[in-house]
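The values are calculated or read from the model by the stated rules, or taken from the named source; none is laboratory data. Everything quoted here is computed from the prediction, not taken from an experiment. All Cβ positions, glycine included, derive from the backbone under ideal geometry; neighbour counts span all protein chains shown.
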Amino acid sequence: MRVKCLFFATYRDVAGAAELELELPENSTVSALVRHLRAQFATSALPTSPVVAVNQVYASLDTVLGDGDEVAFIPPVAGG
Amino acid sequence: MFCLITADPIDPSQLARQVRRDADGAVILFTGVVRDHHAGRAVEALEYQAYEEMAVAVLRQICEEVRATHDVGDIAVAHRVGELAIGEVSVAIAVAAPHRDAAYSASREIIERLKREVPIWKRERYSDGGAEWLGGHD
């Protein structure tokens, strides 16, 4: 299945892109996606337990992903 | 209710006008503006980035929850993205209510929750040449 990853602020600098499409095994969790990305970026700048949103709703790391899901990696927010 | 993320300059008085109804005796308008210093460093400009679709959804959720718990009328919130100069309005929140107490506390709750929950980020560009994404709430 394919998922779309979105990166913002510091995470965008780490990923070197605003968006990334990834092929993952069926029923992968957010945690598995994080491990995959940390290995791919070879960096600890993406934490092991980042805040994420799946399809624009804050979600836990054990959330099971589905084909076409949009997973956003949310560094500490600083609006206002 | 009106929630907007925009790259265009915000007109706070327009927000204040649009929330007022005849039953309201108070309109509170909060504006956040870009200041020229942070933690002892001179700031030259700010860049805001947003996860726009989700930011609007979270803002709407916050406004709905605040309306459910405060005796207020209409609410309008606008937040800028892109590069802002010193003195520009980064965020404006207008709350109308029959009485001022509810309007003040609703306005306060919206800005505090916005800073903690809405996916928006701020990068400061300093006069000494550096630039940093801020991580946290102030």
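Odds and ends about this structure:
- The condition (being at positive phi, modelled with pLDDT of 95 or more and surrounded by fewer than 15 Cβ atoms within 10 Å (Cβ to Cβ)) is satisfied by just one residue among B:Gly40, B:Gly82: B:Gly82.
- Top-ranked residue in the range B:53-68 [being touching a residue at least 40 places away in the same chain (Cβ under 8 Å) and surrounded by fewer than 16 Cβ atoms within 10 Å (Cβ to Cβ); ranked as farthest from B:Asp22 (Cα to Cα)]: B:Arg60
- When restricted to residues that are in a helix (DSSP H, G or I) and either within 12 Å of chain B (Cβ to nearest Cβ) or within 24 Å of B:Trp133 (Cβ to Cβ) (or both), the range A:1-34 contains 10.
- B:Gly87 being more than 15 Å from the chain's Cα centre (by Cα), more than 9 Å from chain A (Cβ to nearest Cβ) and either aromatic (Phe, Trp, Tyr) or loosely packed, with under 13 Cβ neighbours inside 10 Å (or both): no
- Qualifying residue in the range A:38-60 (condition: more than 14 Å from every other protein chain (Cβ to nearest Cβ), surrounded by 13 or more Cβ atoms within 10 Å (Cβ to Cβ) and among the aliphatic types (A, V, I, L, M)): no
- Selected residue (only one of B:Ile75, B:Ile28 is over 24 Å from A:Val54 (Cα atoms), touching a Cys at 6+ places or on another chain (Cβ under 7 Å) and surrounded by 19 or more Cβ atoms within 10 Å (Cβ to Cβ)): B:Ile75
- Matching option when the condition is in contact with a helix residue (DSSP H, G or I) (Cβ under 6 Å, 6 or more places away or on another chain), surrounded by fewer than 18 Cβ atoms within 10 Å (Cβ to Cβ), modelled with pLDDT of 95 or more and charged (D, E, K, R), among B:Arg113, B:Arg100: B:Arg113
- Condition met for B:Arg35 (closer than 26 Å to A:Asp13 by Cα, surrounded by fewer than 16 Cβ atoms within 10 Å (Cβ to Cβ) and within 13 Å of another protein chain (Cβ to nearest Cβ)): yes
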